[in-house]
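The next block holds one structure in the form of structure tokens; read it before the comments.
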Amino acid sequence: MIIPPGHHTPDPQSHAPVFPFAAITFIYFIVGFFTTVNEQLQAPLKFTFLLHAGSLRNTLTTLVSFFFFLGYLLNGTRGSKWVNAFGYKNTVLRGLFFMIAGLFLYFLSSWFGIRYPDMNFTVTDAVIPFGFVVFVGGSYLMGTSAAIIQVVVNPYAASYQLKGTQPVQRLNILTAVNSVGTTSAPFFVTVIMFSGVSVSAIEIRQLLLPIAVLMGCILSVIFVTRKLRLPDIKNTRAALGEKLERSIWSFRHFAFGVVAVFFYVGTEVAIGANINLHAFELAESGHPITFFGKTEIMIGHTDLGIHALLSTLYWGGFLVGRSVSSFLSHISARTQLAATTISATLLAIVSMLTQNLWFLVAIGLLHSSMWSCIYSLSITGLNRYTSKASGVFVSAVFGGAVFTLLQGGIADILGSWRWTWMLTVLCELLMLWYALYGSRIREKDRV
């Protein structure tokens with residue numbers, strides 16, 4: 001493989017410095033934060049932009065997540081092409097510029113909603129403001145940013161030779177920090193953006209100042225990133241103009257891994273995004289949420305904070321689980337994936353039978369290591385095909401859009417969220433199959 005001029009390539013046998021890995025990890029924290037901010041804006045938007053959306057309220061609300069993850073589908077492979085052409089650092093910078101563009105559309109959407117509140121169109125019995133359409137466009141750009149950055153950070157973390165670690169551990173460290181972002185985001189939306197007010201009192205103008213501040217923060221990150229020295233990683237990407245002999249889809253364990261991550265992100269995001277909507281439904285019906293059979297919490301119709309607690313604890317489970325998993329150096333990725341998928345299946349079934357959302361919250365602890373397990377199993381032995389594989393792999397994150405929207409549509413059809421969690425059971429069982437059978441590498445796929 002030809003290494004482009006000016007790129008430093010660390011010796012795989014040497015002890016690489018910690019700082020480049022730490023920098024990439026911090027940028028992944030930002031991705032996690034904005035991914036969950038985007039999800040947590042669903043409920044407030046449902047009570048502002050979509051107050052008159054009629055029978056399509058759940059479906060339209062989940063379009064926010066759908067278009068975010070559509071960015072993954074359409075731009076994941078673009079990210080891998082940029083890695084091959086421009087390197088890891090320049091691709092990260094391009095991803096951050098997409099993030100600024102997405103935040104600008106969020107800002108524009110809020111301004112448009114305030115300035116022209118009566119500009120709308122109708123679909124069946126749903127009245128949809130144009131400001132909501134602009135917000136959905138911003139969501140797509142934010143998803144594009146996240147996809148491009150993930151194409152960089154996943155292979156970089158998996159391949160970076162950090163002393164005393166193996167790939168699945170480094171990925172768990174990376175995703176643990178990402179979980180700090182996802183865990184803090186729900187309360188950022190509740191307390192900072194909407195000042196802890198009730199859902200019924202939320203005004204779209206409350207988005208303007210926080211979004212402006214976030215744009216300033218990302219501009220600062222872009223400035224600092226441009227000054228960073230992020231060394232290239234040997235034998236993880238093709239040089240510009242180099243033609244790979246095989247199709248990435250010819251590696252069976254990778255192809256099945258793409259399917260597995262499609263279902264994994266589908267259920268991961270659907271729980272994080274839709275558990276709040278299920279909680280609002282329980283509130284409207286007067287159903288209590290029981291905490292370990294002792295403390296009953298009656299979710300008030302207008303209490304946004306307690307709903308944020310559900311998502312915060314769900315994503316907080318990722319933080320705890322990934323922190324623990326980063327120390328599991330002697331348990332294989334295959335074993336970890338099998339054990340967690342079986343446990344998550346049981347929790348989803350119990351949650352549906354009891355209508356106790358805390359069992360769904362607990363699945364976050366089990367979902368925490370699944371991405372690292374599937375990713376490390378999928379790219380094993382791919383070598384210079386790795387960056388291309390990462391782009392395709394990240395595109396499969398589109399499952400987060402499909403299952404979130406699908407679940408919202410089913411909820412509208414059934415008139416309830418209760419049995420829609422069968423989708424989670426389906427996803428967990430498919431990942432179990434991948435752990436036991438689909439991840440096995442054929443001899444001819446070792447390159």
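The values are calculated or read from the model by the stated rules, or taken from the named source; none is laboratory data. These numbers were taken from a predicted model, which means no experiment stands behind them. FYI the Cβ positions are ideal-geometry reconstructions off the backbone, even for glycines, and counts take in every protein chain you see. Ligands, DNA and RNA are excluded from the accessible area calculation, which covers all protein heavy atoms including side chains. Shrake-Rupley method; radii C 1.70, N 1.55, O 1.52, S 1.80 Å.
Only DSSP H runs of four or more residues enter the estimate; each adds -39500 (n - 2.57), and after division by the residues of the chain the mean residue ellipticity at 222 nm equals -22000 deg cm²/dmol.
Shape class of the range 388-447 from the alpha-carbon gyration tensor: oblate, with a/c at 1.5 or above and b/c at least as large as a/b.
Rounded, prolate or oblate for the range 115-199? Axes are the square roots of the Cα gyration tensor eigenvalues, ordered a ≥ b ≥ c, and the cut-off for rounded is a/c under 1.5. Prolate is the answer for the range 115-199, as a/c is 1.5 or above and a/b outweighs b/c. In the context of the full set of protein chains, residues of the chain present 39 Å² of accessible surface per residue (probe radius 1.4 Å, heavy atoms only).
Listed peptides 148-159, 182-193 appear in the order 148-159, 182-193 once ranked by packing, highest mean of other Cβ atoms within 10 Å at the front.
How much length is gained if the chain between Phe19 and Ser195 is pulled fully straight, taking 0.36 nm per residue apart and subtracting their Cα-Cα distance, in nm to one decimal? Write down the numbers at each step before the final one.
Working: separation 176, 0.36 × 176 = 63.36 nm, distance 3.60 nm.
Result: 59.8 nm gained on full extension.
For the range 379-431, with all protein chains present and a 1.4 Å probe, just round the carbon and sulfur fraction of the accessible area to a whole percent. So the carbon and sulfur contribution to the accessible surface is 72 percent.
Of all accessible surface on the range 12-151 at a 1.4 Å probe, what whole percent is carbon and sulfur? Mind dumping the intermediate values first?
Working: 3520 of 5050 Å².
Taking all protein chains in place, the range 12-151 shows 70 percent carbon and sulfur surface.
The listed residues His278, His330, once ranked by accessible area (1.4 Å probe) with the largest placed first, stand as His330, His278. Residue separation of Ala101 and Val224 scaled by 0.36 nm, minus their Cα-Cα distance, works out to 42.4 nm of gained length. Largest first, the extents of the alpha carbon coordinates of the range 21-138 on the three principal axes equal 49, 25, 21 Å.
Compute, for the chain, the length of the dipole vector about the Cα centre, with Cβ point charges of +1 (Lys, Arg) and -1 (Asp, Glu) only. Units Debye, rounded to 20.
Details: 28 positive and 17 negative charges, 347 e Å.
It comes to approximately 1660 debye.
Paramagnetic label reach from Arg115 (point 7 Å along Cα→Cβ; backbone nitrogen cut-off under 15 Å): within the range 122-146, residues 130-132, 134-135. Put simply, the amide H of Asn120, placed in the peptide plane, has neighbours under 5 Å in Phe130, leaving out anything fewer than 5 places away on its chain. Normalised radius of gyration (Cα atoms, divided by 2.2 N^0.38 Å) for the chain: 0.96.
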